[in-house]
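Chemist: The structure under discussion is supplied below as structure tokens; questions concerning it will follow.
The values are calculated or read from the model by the stated rules, or taken from the named source; none is laboratory data. Keep in mind that this is a model prediction, so the values were computed, not measured. For neighbour counting, all protein chains shown are included, and Cβ atoms are generated from backbone atoms with ideal geometry for every residue, glycine included.
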Amino acid sequence: MKDPAAHPDRDIGHTEVKETTCYMCACRCGIRVHLRDGQVRYIEGNPNHPLNHGVICAKGSSGIMKQISPARLTKPLRRKANARRGESQFEEISWDEAMDLLTERLGRLRAEDPRQFALFTGRDQMQALTGMFAKQFGTPNYAAHGGFCSVNMAAGMIYSIGGSFWEFGGPDLERAKLFVMIGTAEDHHSNPLKVQISKFKRRGGRFVSINPVRTGYSAIADEWVPIRPGTDGALFLALIHELLKVGLFDRDFLIQYTNAAELVIDDPDRDDHGMFYRDPETPITEGCTDPQNKLWWDRERGAVLTHTKGADPRLMGSFTLADGTPVKPSFQLLKDRVERYTPEWAEGITGIPAATIRRLAYEMGVTARDQKIELPITWTDCWDNEHDSVTGNPVAFHAMRGLAAHSNGFHTIRALSILMTVLGTIDRPGGFRHRAPFPRPIPPCPKPPNSPEAVQPNTPLDGLPLGWPATPEDLFVDADGEPVRIDKAFSWEYPLSVHGMMHNVITNAWRGDPYPIDTLFLFMANMAWNSSMNTTEARRMLADLDEHGNYRIPFLVVCDTFASETVAFADLVLPDTTYLERHDVLSMLDRPISEFDGPVDAVRLPVLPPKGECRPFQDVLIELGGRLGLPAFTTADGRPKYRNYPDFVVNYETSPGSGIGFLAGWRGEFGDKVLKGEPNPRQWEQYAANGCVFHHELPRSYQYMRNWNKGYLHWARAHALTRWAEPITLHLYSEVLNRFRAAALGKRPGRRPPERLRERIATYFDPLPFYYEPLETQLIDKIRYPLNALTQRPMAMYHSWDSQNAWLRQIHSHNYLFVNPQTALAQDIADGDWIWVESHLGQVRCMCRYSEAVEPGTVWTWNAIGKAAGAWALSADADEAKKGFLLNHLIGEELPTNGTHSGVPPFSNSDPITGQAAWYDVRVRISRAEVQEPRISEPQFPPMRPVPGQASRPRTRWQAYVAGLFDRH
Amino acid sequence: MTQLALVIDLNVCVGCHACVTSCKQWNTSGWAGPMVDENPYGADPTGTFFNRVQTFEVGHYPATETVHFPKSCLHCEDPPCVPVCPTGASYKREDNGVVLVDYDKCIGCKYCSWACPYGVRELDAQQKVMKKCTLCIDRITDQTLPESERKPACVLACPTNARLYGDVHDPDSEVSIAIRERGGYALMPEWGTRPANHYLPRRKTYMHVSPEELQRADNPLTKEDLTVYTGEETLDDVTW
């Protein structure tokens, strides 16, 4: 062999290096793609990128295998006329035919009844465009996957502190001393979090992980605190109880920056009971979400306006205003609420010893109080107080789906937000910090449409497809209070379902409840497999016929890059590109990649030409918008306005002259404006010249305390990030929730929930967090189903995308059910045994793996490894299909009815406030499979056939990838 | 003499496998490639990896530790795989101590993999030659790369910076200091192979809160009146 030192790699073949942004998961790291003779030679992290600083993960390093995957779709396809859905029998058609077909059908639906077209998308990061398309089309039936992902996390925190974890904020581990991670799987914000956790540990920070399972990040925690699933709320309430009891709360922070000291009307006989007392004489900013006309109780002067100079308000007590109104500071109400939530009470629910809960509370409280950080940064608050430093309490938290995916998740996350607030850690060094465009008002300003009249033929939707209800008047319901959307989002059943409820679309459309639809368009969402609950039934519904022999969901369009399980059910398949083949924007209008120190957005630039006839979905939507004559996509004379997506991104403004577009960097004629400015025809070139990323670092005085930072808020308003420059007071007590409760109790003029939902609303729209057992658990036999079953994704896989990846599937080709040995032994189950896992819905067969790293009342598995036979271009006998399994078959999309039929469809198996899919509520029992049973997983489905256009190269035993030589003969 | 090596910090490794696939993508198209995959889309997929992460559990619930343990060639100072090679294919470079295989000389007899106590050699089942970690020899010796990139792909990729790289014979190198000051250890020293690669152990940070710390003069509760007299009867009213 030649001496490696004498032959530089770059001399082999023609070498090019191109910068773009990764999309092997949703992190969106900067990458440099090395090409050799036009094939990918090496993908490395971009060392100059603010997100990943040069590192890259297992997925990002396996992008090559995504590119050559035989599961790639390469041609538009139409289901053969005589084939049934699910049989995966297609014929190739041209893009012209596909677009004609869509234009004709969707044009007719738009003219007749736009609701008949439903567009739902997976984890796509292009909601700015897909949402806009839906709005322009005029359909209310649009959402992305947030409803079944982590909407509780977004809503619970945004309705409390005006920001949330991941894209919108996170733990400041650079300065934290104590880091508490709860219910976090290993797939969110993964590289930045890995970078930060390791630096934090090396600096000697203390890392506590609270999780039923000890894997991934939790493995390197200094302490693992196992907890029973769905009980985190009980833990947080007990921690708050203890902090309040001992006096370990940040009094000054609570008074100045939260509604803790604000006076709430406390008279159950009055209609305004539970609302803040508002002084009618105080001038307010009209339309502002949370105007500043509330009162404190000053210890000397009694009732005074909040933030009266020199006031020293009470946090506790019970007072009577001059007009006789009895009031309490909301902190007193919180204290009253948590009185019963003792550590001993929580021990019985969470399984965490009371002494541990107390110790954790003390660790948090003492660290927050005694290790205060002071940064020499001057800033001015909204009340014109000058501060010569920024201080912080160095206790940081991070949490994700483990909290969110329960039907009690919203209140759990409200409780976490309050815990973080009581410790005084919001947008302060060492605690939680926002990422632009957050913080936003509580709740943010955009609202969904609020009546069926918002939907009119050949007319854009009157309102945004998704938004943030602040009052019952913001709900999207008809005169009877019934849902307008197919998924029932923003209805009285799930009022704050701010990300929609994609998990109920198939069932509702199949049932025709609230109405049947014609066309269901799924983009990058594997609803016939891992993205549906009750998957077997979802597959049946997709292929089910009505009494006339027509499909109950008449037309199904699927756009994807790969031959997923869902593709088999499509009537029309549109082949999308990979991330290396297209332009993308990671937009401030959607979910950007901002840092704590300022807004960041990014782009993808094509590194390779599209494979086969693949077209970027964005280009398809823009062409379709032009063909359908949607106003934003056409000129005044009805011609298509944009050539393609890059043209659209540069020239589109949210409204004429708004200066707001999809990209925030290098705006204005000369590219010298940020966030807001006229379109810049050279914007793409500017991004290309800057590593595909735009990072606007704020002045240090604008980087902290942004909810109340006058300079920041005015800067944000001037740059069109927010509408108001009013302070964003933290909602320890949620008056917003109380408005819905008051409506249910008949104490509020205006909309009331339908009779059958009043008790539900009055119960769950509690302005203070409370603990309740998950809804499904309340309804099923806990003795029969004694175990909680969870899923999480491994770090080397993202969603269902990576089983087609030859390298990543070698890391996880199949999944086991992980069971604590003491739990398994009680059922006489040995390590490696085939077992049955049964829920109230049915059962699956899989293999058991002993694990000492799981709480004994919990069993869990890696999600989205198990596949339907033949899908994703795997052989029918692949491990994924024969040894791997999918837990979703056991998880209901609706709550069990226990045989009772009230005539009303069952509730979604979701949080009653936000409609978050309650994946993690499922309870199961396990038993050993009989020895004579086949040793393959159940259920099995007939193998999916390859579709036309899938990889033509022969399936050989060996595959050896060498850039420049692969598949070239 | 220079001895290049990896020092792997188990204190921060989260088991993400970035090192596994970044190695694969660099080396399959590099000097030591290809790294073949068998049944890439079928049952029992397997393939050549120079670096693998094993995850195992220690202890019993709830005192369980989950350990992620990356494993690759340790580039022994006294590598048992070298003298057993009948063709001289297996060798240790004199300039930097990296252990390599010359595929042109390798006959796939597997003596080296039997001799290696660490199980880190990988037979390419298609080409029938032995392959292994080269520390990305075609990166670290490539003078056309900027110095910051003249490192193994796994080291550059690792999100937690759990893979330190350098000369363990230079007492002032980052790796030597880490081994010396943070309890770095070699695997199975009893074999006398003197592995160049080392591992750094887990470390725990604890916090102690003493009862006195809960009693402070500035306790915010002192700012609130804890009781209010509203005219009800007390012992003070009825006893004498």
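Chemist: Tell me which of these residue A:94 doesn't satisfy, since it passes every other one: (1) hydroxyl-bearing (Ser, Thr, Tyr); (2) farther than 30 Å from residue A:591 by Cα; (3) within 14 Å of another protein chain (Cβ to nearest Cβ).
Modeler: The single condition residue A:94 does not satisfy is (3).
Chemist: Let me ask something else about it. Is at least one residue of segment A:902-910 surrounded by 24 or more Cβ atoms within 10 Å (Cβ to Cβ), within 31 Å of the chain's Cα centre (by Cα) and part of a loop (DSSP other than H, G, I, E, B)? Give the steps one after another, and end with the answer.
Modeler: Just the residues of segment A:902-910 that are surrounded by 24 or more Cβ atoms within 10 Å (Cβ to Cβ), to begin with: A:908-910.
Cutting the leftovers down to within 31 Å of the chain's Cα centre (by Cα) gives us A:908-910.
Within this subset, residues satisfying the condition of being part of a loop (DSSP other than H, G, I, E, B) are A:909.
Looking for residues that are surrounded by 24 or more Cβ atoms within 10 Å (Cβ to Cβ), within 31 Å of the chain's Cα centre (by Cα) and part of a loop (DSSP other than H, G, I, E, B), one finds at least one in segment A:902-910, hence yes.
Chemist: Taking only segment B:42-66 into account, find how many residues are at the interface with chain A (Cβ under 7 Å from one of its Cβ atoms) and either buried (at least 24 other Cβ atoms within 10 Å of the Cβ) or out of contact with any Leu (no Cβ under 8 Å at 6 or more places or on another chain) (or both). Please lay out each step first, then the result.
Modeler: Taking segment B:42-66 as the starting set, the residues that turn out to be at the interface with chain A (Cβ under 7 Å from one of its Cβ atoms) are B:42-47, B:57, B:59-62, B:64, B:66.
Going one step further and asking which of them are either buried (at least 24 other Cβ atoms within 10 Å of the Cβ) or out of contact with any Leu (no Cβ under 8 Å at 6 or more places or on another chain) (or both), we end up with B:43-47, B:57, B:59-62, B:64, B:66.
Residues flagged as at the interface with chain A (Cβ under 7 Å from one of its Cβ atoms) and either buried (at least 24 other Cβ atoms within 10 Å of the Cβ) or out of contact with any Leu (no Cβ under 8 Å at 6 or more places or on another chain) (or both) within segment B:42-66 amount to 12.
Chemist: Out of all the residues in segment A:251-270, is one or more crowded, with 19+ Cβ neighbours inside 10 Å, of a type in the set (A, V, I, L, M, F, W, C), within 30 Å of residue A:361 (Cα to Cα) and in contact with an Asp or Glu (Cβ under 6 Å, 6 or more places away or on another chain)?
Modeler: Taking every residue of segment A:251-270 in turn, none turns out to be crowded, with 19+ Cβ neighbours inside 10 Å, of a type in the set (A, V, I, L, M, F, W, C), within 30 Å of residue A:361 (Cα to Cα) and in contact with an Asp or Glu (Cβ under 6 Å, 6 or more places away or on another chain).
Chemist: Could you tell me whether residue A:457 is touching a residue at least 60 places away in the same chain (Cβ under 8 Å), over 22 Å from residue A:144 (Cα atoms) and either part of a loop (DSSP other than H, G, I, E, B) or under 22 Å from the mean Cα position of the chain (by Cα) (or both)?
Modeler: In short, yes.
Chemist: Considering segment A:744-760 alone, what residues qualify as being in a helix (DSSP H, G or I), in contact (Cβ under 8 Å) with a residue 60 or more places away in the chain and over 29 Å from the mean Cα position of the chain (by Cα)? Reasoning before the result, please.
Modeler: Step one: of segment A:744-760, the residues in a helix (DSSP H, G or I) are A:744, A:755-760.
Now restrict to residues that are in contact (Cβ under 8 Å) with a residue 60 or more places away in the chain: A:756-757, A:760.
Correct list: A:756 only.
Chemist: While we're here: May I ask you to list the residues in segment A:45-69 that are surrounded by fewer than 24 Cβ atoms within 10 Å (Cβ to Cβ), in contact with an Asp or Glu (Cβ under 8 Å, 6 or more places away or on another chain) and facing chain B (nearest Cβ under 8 Å)?
Modeler: Hit for segment A:45-69 is A:54, nothing else.
Chemist: Would you please name the residue that is nearest to residue A:806 (Cα to Cα), looking only at residues in segment A:1-24 that are part of a loop (DSSP other than H, G, I, E, B) and within 11 Å of chain B (Cβ to nearest Cβ)? Before you say what the answer is, go through the steps one by one.
Modeler: Keep residues of segment A:1-24 that are part of a loop (DSSP other than H, G, I, E, B), which gives A:1-3, A:7-8, A:12-14, A:22-24.
Narrowing the set further to residues that are within 11 Å of chain B (Cβ to nearest Cβ) leaves A:1-3, A:7-8, A:12-13, A:24.
Details: A:1: 28, A:2: 29, A:3: 30, A:7: 29, A:8: 28, A:12: 25, A:13: 25, A:24: 14 Å.
Filtering first and then ranking leaves A:24.
Chemist: Can you spot a residue in segment B:152-169 that is over 20 Å from residue B:69 (Cα atoms), surrounded by fewer than 21 Cβ atoms within 10 Å (Cβ to Cβ) and within 14 Å of chain A (Cβ to nearest Cβ)?
Modeler: no
Chemist: Additional query: Would you mention how many residues in segment B:153-173 are closer than 28 Å to residue B:80 by Cβ and part of a helix (DSSP H, G or I)?
Modeler: 3
Chemist: As an exercise: evaluate residue B:27 against (1) touching a Phe, Trp or Tyr at 6+ places or on another chain (Cβ under 7 Å); (2) within 7 Å of another protein chain (Cβ to nearest Cβ) and give the number of the one condition it does not meet.
Modeler: (2)
Chemist: Something else about it: Could you list all residues from segment A:866-883 that are buried (at least 24 other Cβ atoms within 10 Å of the Cβ) and either at pLDDT below 95 or within 11 Å of another protein chain (Cβ to nearest Cβ) (or both)?
Modeler: Taking segment A:866-883 first, the residues buried (at least 24 other Cβ atoms within 10 Å of the Cβ) are A:866-868, A:871-872, A:874, A:878-881.
Correct list: A:872, A:874, A:878, A:879, A:880, A:881.
Chemist: For segment A:617-666, give me each residue that is acidic (Asp, Glu) and surrounded by fewer than 20 Cβ atoms within 10 Å (Cβ to Cβ). Before you say what the answer is, go through the steps one by one.
Modeler: Keep residues of segment A:617-666 that are acidic (Asp, Glu), which gives A:619, A:623, A:637, A:647, A:653.
The answer is A:637, A:647, A:653.
Chemist: Same structure, new question: For segment A:360-392, what are the residues that are more than 13 Å from every other protein chain (Cβ to nearest Cβ), assigned to a loop (DSSP other than H, G, I, E, B) and of a type outside the set (Ser, Thr, Tyr)? Spell out the reasoning first.
Modeler: Initial filter on segment A:360-392 (more than 13 Å from every other protein chain (Cβ to nearest Cβ)): A:373-392.
Remaining after also requiring assigned to a loop (DSSP other than H, G, I, E, B): A:376-378, A:382-385, A:388-389.
Matches in segment A:360-392: A:376, A:377, A:382, A:383, A:384, A:385, A:388.
Chemist: Right, next: So, in segment A:180-235, exactly how many residues are β-branched (Val, Ile, Thr) and farther than 25 Å from residue A:850 by Cα?
Modeler: 3
Chemist: How many residues does segment A:554-598 contain that are in contact with a Lys or Arg (Cβ under 6 Å, 6 or more places away or on another chain), closer than 30 Å to residue A:508 by Cα and surrounded by fewer than 22 Cβ atoms within 10 Å (Cβ to Cβ)?
Modeler: 1
Chemist: Please verify whether residue A:298 is over 16 Å from residue A:767 (Cα atoms) and within 13 Å of chain B (Cβ to nearest Cβ), treating the condition exactly as stated. Don't jump to the end; show me each part of the working.
Modeler: Numbers: over 16 Å from residue A:767 (Cα atoms): yes; within 13 Å of chain B (Cβ to nearest Cβ): yes.
So residue A:298 passes the test.
Chemist: Among the residues of segment A:681-739, count how many are small (Gly, Ala, Ser), more than 29 Å from residue A:264 (Cα to Cα) and in a loop (DSSP other than H, G, I, E, B). Please lay out each step first, then the result.
Modeler: Within segment A:681-739, the subset small (Gly, Ala, Ser) is A:688-689, A:691, A:701, A:711, A:716, A:718, A:720, A:725, A:734.
From the residues that got through so far, the ones that are more than 29 Å from residue A:264 (Cα to Cα) too are A:688-689, A:691, A:701, A:711, A:716, A:718, A:720.
Next cut, in a loop (DSSP other than H, G, I, E, B) only: A:691, A:720.
Total satisfying the criteria: 2.
Chemist: Filter segment A:777-808 for residues that are aliphatic (A, V, I, L, M) and closer than 28 Å to residue A:925 by Cβ; which is nearest to the other protein chains (Cβ to nearest Cβ)? It would help to see each step written out before you state the result.
Modeler: So in segment A:777-808, the residues aliphatic (A, V, I, L, M) come out as A:779-780, A:783, A:787, A:789-790, A:795-797, A:806, A:808.
Remaining after also requiring closer than 28 Å to residue A:925 by Cβ: A:779-780, A:783, A:787, A:789-790, A:797.
Working: A:779: 30, A:780: 26, A:783: 23, A:787: 15, A:789: 18, A:790: 16, A:797: 10 Å.
Only one residue tops the list, namely A:797.
Chemist: Sticking with this one: Name the residues in segment B:126-144 that are at the interface with chain A (Cβ under 8 Å from one of its Cβ atoms) and either farther than 22 Å from residue A:1 by Cα or hydrophobic (A, V, I, L, M, F, W, C) (or both), would you? Reasoning before the result, please.
Modeler: If we filter segment B:126-144 for residues that are at the interface with chain A (Cβ under 8 Å from one of its Cβ atoms), which is where we start, we get B:126, B:134, B:137-139, B:141-144.
Matches in segment B:126-144: B:137 only.
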